[in-house]
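Beneath this line is the structure, given in structure tokens, with notes to follow.
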Amino acid sequence: MLFWKSVFCGALLGAAIAGSAGASAQTAAGSNEARTAARVEALRNNPAALRALLVSMPKGGDLHMHLSGAVYAETFLQNAAADNLCVDPVKGVLLPNQGLTKSLPPKPVCVEGSQPAASAFTNQTLYDHLVDSFSMRAFVPSAGVSGHDQFFATFPRFGGIAKSHQGEWVDEVATRAAAQNEQYLELMTSPDFNGAIRLAIQQHWDGNPAKMREALLAGGLRDNIAVDRAELDAMDATRNAREHCGTPEAKPACKVQVRYLYQILRSGPPERVFAQTLLGYEVASVDPRVVGINFVQPEDTYLSMSQYDNHMIMLQYLHTIYPKVHLSLHAGELGPGMVPPEGLRFHIHDAVEKAGAERIGHGVDIMYEDGADALLKDMAAKHVMVEINLTSNDVILGVTGTRHPLHSYLAAGVPFALSTDDEGVSRIDLTNEYVRAVVDQGLTYAQLKSSARASLEHAFLAGNSLWQAPDKFTTMRRECSTSKGNAPAGACEDFLKTSDKARQQWELEKRFRDFEAGTKKETR
């Protein structure tokens, strides 16, 4: 009896700490939800069995996922062979071919010392080497080569693959998401920005974003918008065709809603960063599939660090011009020793207070920031969510267990959502992060539900929330507060038609009921 009492009380306490106790924390001990919570507690020290339970748990969305980093190396090898690329078998890097043979089918002509990428399919040693080179699989840190180095080195190694495969990649991640009971993905990707860069190299950043914006627009930057939208059209068309969406043979992945974040490469000269950022805001202003902006690339590079203030100036200004475009920022993806101590003191603060970021990606160095407690309090008050990437923070930064700031965020009432970051490179999926949250961070089932709910509450989807108050998952808004069961009625049905976000939230609650009812059956 003591065990069951402690499990239930622990779930209540966990939900309270998360700031989203909700109706779930008030449920009687014999309910489906409490029974599911008890099963999670019982499996806390059995990760394999816990995964078997959590793989079908509704997870809402993954808000922090880089499209190219989400693809598994095996897919890239198939793509490389289809593109007739070559590979350096020592460095494990894809290379362009020097031409094609006249044979049928044509084969790539490779420079001396390299060979066709397709040869990996008849050479298991090479195949394994390339999978390891394109990911964190089998990686062991050595002198001068850290997990951080390996992680970011993977991207240029497979970077020669044609963008025409992006639709296949979206299909892959959506299919994986559907298999784990996910509903929504915000995929970070960088559509073509060559036109913006050509204009940027004619400019000089002098700290005046208004003047540079005027010059770039006068030079024809908006011509790049059509190029980007066509790229997204092709991606979506390929994905829909592969999944047979809109036909009787539609695959489950069709039900996964996908939106895009325009990712900006920040480790470059400021005039180029500004031009790409301006293009991202322009595209997001006219294409509803692009729901926001994010800055990417390692935060500890020279340009990322030295130009951080300029990046905040850019974003602060552009928000005044494009106030409806959402912003999530990688900030605080740093650890002691990576940069001088002063480099850990302000990135999250400035992302929130200057740039106006609505979500923070990673936020690992929060407790090293000046006025950390005040910053946490402000994030909670402003409902700035933190995207938690446990495996990524481990393999890149070496931050795990009690060194991770997740519980600092929880204690302060900052909303959070678990996410994958680069599930292909890390060789994981979102279920892995849910299991890790329980086993390594001690989260309860109530806190996992809070993560799933927060992922949709803070998604950059159009429309109002289903919930009456932000991040308070206790009472639905008036129109839906009396609706029972899975089918909305009357005013609630009318409201859901007006809000993409609320429809996803309603669906999540339905999936929770189904999942917890299924858990009840399994325990009999």
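The values are calculated or read from the model by the stated rules, or taken from the named source; none is laboratory data. From a predicted model like this one, the values you see are computed outputs, not experimental measurements. Cβ placement follows ideal geometry from the backbone for every residue including glycine, while neighbour counts extend to all protein chains displayed.
Pairs linking a residue in the stretch 128-148 that is surrounded by fewer than 16 Cβ atoms within 10 Å (Cβ to Cβ) to a residue that is not in a helix (DSSP H, G or I), with Cβ atoms under 6 Å and 6 or more positions apart or on different chains, are Arg137/Arg427.
For residues that are within 17 Å of Ala452 (Cβ to Cβ) and without any contact (Cβ under 8 Å) to a residue 60 or more places away in the chain, scanning just the stretch 463-485, find the one that is farthest from the chain's Cα centre (by Cα). Steps first, answer last, please.
Just the residues of the stretch 463-485 that are within 17 Å of Ala452 (Cβ to Cβ), to begin with: 465-467, 470-474, 476.
Subsequent filtering for residues that are without any contact (Cβ under 8 Å) to a residue 60 or more places away in the chain retains 465-467, 476.
Working: Ser465: 21, Leu466: 22, Trp467: 23, Met476: 27 Å.
Restricting to residues being within 17 Å of Ala452 (Cβ to Cβ) and without any contact (Cβ under 8 Å) to a residue 60 or more places away in the chain, the top hit is Met476.
Residues that are in contact with a Lys or Arg (Cβ under 9 Å, 6 or more places away or on another chain) and assigned to a strand (DSSP E or B) within the stretch 264-283 comprise just one, Leu265.
Listed here are the strands (runs of 3 or more DSSP E) enclosed by the stretch 296-410 that have at least 3 residues being in contact with a helix residue (DSSP H, G or I) (Cβ under 7 Å, 6 or more places away or on another chain): 326-331, 385-388. A single entry from Ala143, Ala117 fulfils the requirement of being touching a strand residue (DSSP E or B) at 6+ places or on another chain (Cβ under 7 Å) and not assigned by TED's automatic domain parsing to the domain that holds Gly337: Ala117. More than 29 Å from Asp300 (Cα to Cα) and either without any contact (Cβ under 8 Å) to a residue 60 or more places away in the chain or part of a helix (DSSP H, G or I) (or both) - does that describe any residue in the stretch 255-263? Yes, because at least one residue in the stretch 255-263 is more than 29 Å from Asp300 (Cα to Cα) and either without any contact (Cβ under 8 Å) to a residue 60 or more places away in the chain or part of a helix (DSSP H, G or I) (or both).
Got at least one residue in the stretch 110-126 being surrounded by 14 or more Cβ atoms within 10 Å (Cβ to Cβ), touching a residue at least 40 places away in the same chain (Cβ under 8 Å) and not in a helix (DSSP H, G or I)? Looking for residues that are surrounded by 14 or more Cβ atoms within 10 Å (Cβ to Cβ), touching a residue at least 40 places away in the same chain (Cβ under 8 Å) and not in a helix (DSSP H, G or I), one finds none in the stretch 110-126, hence no.
Quick grid of which residues meet (1) at pLDDT 95 or above; (2) touching a Pro at 6+ places or on another chain (Cβ under 7 Å); (3) in a helix (DSSP H, G or I); (4) crowded, with 24+ Cβ neighbours inside 10 Å:
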site	(1), (2), (3), (4)
Pro58	yes, no, no, no
Leu63	yes, no, no, yes
Gln78	yes, no, yes, no
Ala81	yes, no, yes, no
Asn84	yes, yes, no, no
Val87	yes, no, no, yes
Leu94	yes, no, no, yes
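Do we find that Pro106 is touching a residue at least 12 places away in the same chain (Cβ under 8 Å), of a type outside the set (A, V, I, L, M, F, W, C), loosely packed, with under 13 Cβ neighbours inside 10 Å and not in a loop (DSSP other than H, G, I, E, B) in this structure?
Working: touching a residue at least 12 places away in the same chain (Cβ under 8 Å): yes; of a type outside the set (A, V, I, L, M, F, W, C): yes; loosely packed, with under 13 Cβ neighbours inside 10 Å: yes; not in a loop (DSSP other than H, G, I, E, B): no.
No, not satisfied.
Taken together, Ala517, Ala446, Ala417, Ala462 contain a single residue that is closer than 28 Å to Gly363 by Cβ, of a type in the set (Gly, Ala, Ser) and in a helix (DSSP H, G or I), which is Ala446. In the stretch 406-460, of all residues being of a type in the set (Gly, Ala, Ser) and over 19 Å from the mean Cα position of the chain (by Cα), the one that is surrounded by the most Cβ atoms within 10 Å (Cβ to Cβ) corresponds to Ala446. If you go through the stretch 468-487 and keep only what is within 25 Å of Ile293 (Cα to Cα) and buried (at least 17 other Cβ atoms within 10 Å of the Cβ), you end up with just Asp471. In the stretch 266-281, the residues that are over 18 Å from His319 (Cβ atoms) form Cβ pairs under 6 Å with partners that are β-branched (Val, Ile, Thr), at six or more places apart or across chains, as follows: Ser267/Thr301; Arg272/Ile197.
So, Ile264, is that one among the β-branched types (Val, Ile, Thr) and closer than 22 Å to Arg198 by Cβ or not? Steps first, please.
Values: among the β-branched types (Val, Ile, Thr): yes; closer than 22 Å to Arg198 by Cβ: yes.
So Ile264 fits the description; yes.
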